Amino acid sequence: MDLNQSNLAIRKLLAKYSHTDPDDWFLTFKARFGMAVVLQSIYDIYGYGEVITQPYTCITAINPILVANLKPVYTDTDPTTLSLSQPEKLYNSKTVAIIMQHTLGLIGDKAKEIATFAQKHRLIFLEDSAHCVSRLATDSKGNVLADISIHSFGVEKVLQNTKFGGAIYVNPVLKQKNAQLYDHITSNLLSLPQPPFGLNFRSQTYRFQNGVLHRLPNSLFHNIRNLAYKAHIFELAVAPYEQSGHQSHPYATTKFVNNTILKHLPALPTIYKRRLKNTLIYNSQLASCTDFKQITTSEEPLLAYPIIFKTAKAASDVYDILTSSGFFIRRWYSPLLYPGPTSNRCYSYNPKMSPTAEQIHSRILCLPTDLESEKMKIILSILHPVKKPVEKVI
Ligand SMILES: Cc1ncc(COP(=O)(O)O)c(C=O)c1O
């Protein structure tokens, strides 16, 4: 399919899955680019201001605030949702927007309160659905609560084989709230340029290169990957320059990225079905474990299932056992502002702002939810050490 046809086909599928209108979806090369366009538009209309967000996230979700000349201000992390905690404490006359992240796809019912808070103070409400593509928080009537919703087809997201691509939902309700901002955001998203040759090449060769890199011995993997990055032939999920508040110019999606997405997007309902099934299994099977606690028992198709240990050492020990048994375990988001800023100052971050996040991030492991039944049995048996057999007394 050509660029326009593939663009429409993706928007139609996203709209079908989310009960929205294809015309309200806009595709970008990466989700962070779409976020940057939205935040830049907010700056253009409102001028300098503060954006409420959280440090328990990827640095790529904060850079769009910085490159738009806005200031990120951080709430602590709610340990039951891994999302914003008491954002109202940060509100002041400079606040212009709030970003609510559905960490690991945990939407729950947190959004209504935040929507009310945003409405009361006339803030732009952004929802970060990078971990739950096509899933948006709605009210009881099915109306989307956020003004803008951000979705990703990038590395380590719900669709595993896409690697690139972002989708931004612009709520048509924003037109009534602030027509000028709505026009600015939508026209800027529609006028993004195509990526330059180098980025296009790296996206087309990413899967092949990544496959080759993962066949290398561990001792060589990082060095060769860094060399390939420095030679501009490999695209890192998070580049070193992105750890110091910088971001590439935003680009539109391409024909290649779209057609890759279209190969995998039709399977999304099946993928979510498996992720939900495994989330429910973890909910019931891990309840009695004493070495760690479940963070949630929410019945949603999570991207990964978070558990929390008493100490960072205990989490690391289990991480080592699971990874050496062949499981891909994520340590999102440890360090905070993952994979860690070169300086907190450049992010206006002070660890005192978020004591809970600071305390819990290294104790959390995120278990895979994309496993087949046999693998689920194995991971559960590792997490559930078999009870010691009763010793025979002669
Ligand atoms: C929470 C969150 N938001 C946004 C992004 C940015 O997504 P993309 O990689 O498509 O730019 C990421 C990516 O890692 C993320 O984890």
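This table checks each residue for (1) without any contact (Cβ under 8 Å) to a residue 24 or more places away in the chain; (2) in contact with a strand residue (DSSP E or B) (Cβ under 8 Å, 6 or more places away or on another chain); (3) outside any strand (DSSP E or B).
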| position | (1), (2), (3) |
| --- | --- |
| Val38 | no, yes, yes |
| Ser41 | no, no, yes |
| Tyr48 | no, yes, yes |
| Thr77 | no, yes, no |
| Thr81 | no, no, yes |
(request) Can you tell me which residue within the stretch 24-65, out of those that are surrounded by fewer than 23 Cβ atoms within 10 Å (Cβ to Cβ) and either modelled with pLDDT under 95 or small (Gly, Ala, Ser) (or both), is nearest to Gln294 (Cα to Cα)? (result) Gly49
(message) Quick check on this structure: which one of Leu227, Leu322 is surrounded by 15 or more Cβ atoms within 10 Å (Cβ to Cβ) and outside the structural domain of Leu13 (by TED's automatic domain parsing)?
(response) Leu322
(request) State all residues of the stretch 83-108 that are in contact (Cβ under 8 Å) with a residue 24 or more places away in the chain and either polar (S, T, N, Q) or more than 30 Å from Thr279 (Cα to Cα) (or both); if no residue qualifies, say none. (result) Ser83, Ser85, Glu88, Leu90, Tyr91, Asn92, Lys94, Thr95, Val96, Ala97, Gln101, Thr103
(request) Say whether the condition of being buried (at least 21 other Cβ atoms within 10 Å of the Cβ) and over 20 Å from the mean Cα position of the chain (by Cα) is met by at least one residue in the stretch 131-144. (result) no
(request) Just name the residue that is nearest to Lys30 (Cα to Cα) out of those in the stretch 230-239 that are surrounded by 12 or more Cβ atoms within 10 Å (Cβ to Cβ) and touching a Lys or Arg at 6+ places or on another chain (Cβ under 9 Å). (result) Ala237
(message) Suppose we filter Ala15, Ala68 for residues that are touching a Pro at 6+ places or on another chain (Cβ under 7 Å) and either surrounded by fewer than 19 Cβ atoms within 10 Å (Cβ to Cβ) or without any contact (Cβ under 8 Å) to a residue 40 or more places away in the chain (or both); which single one remains?
(response) Ala15
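The values are calculated or read from the model by the stated rules, or taken from the named source; none is laboratory data. A quick note: this is a predicted structure, and the numbers were derived from the prediction, not measured. Because the Cβ atoms are built from the backbone with ideal geometry, glycine has one as well, and the counts that use them run over all protein chains shown.
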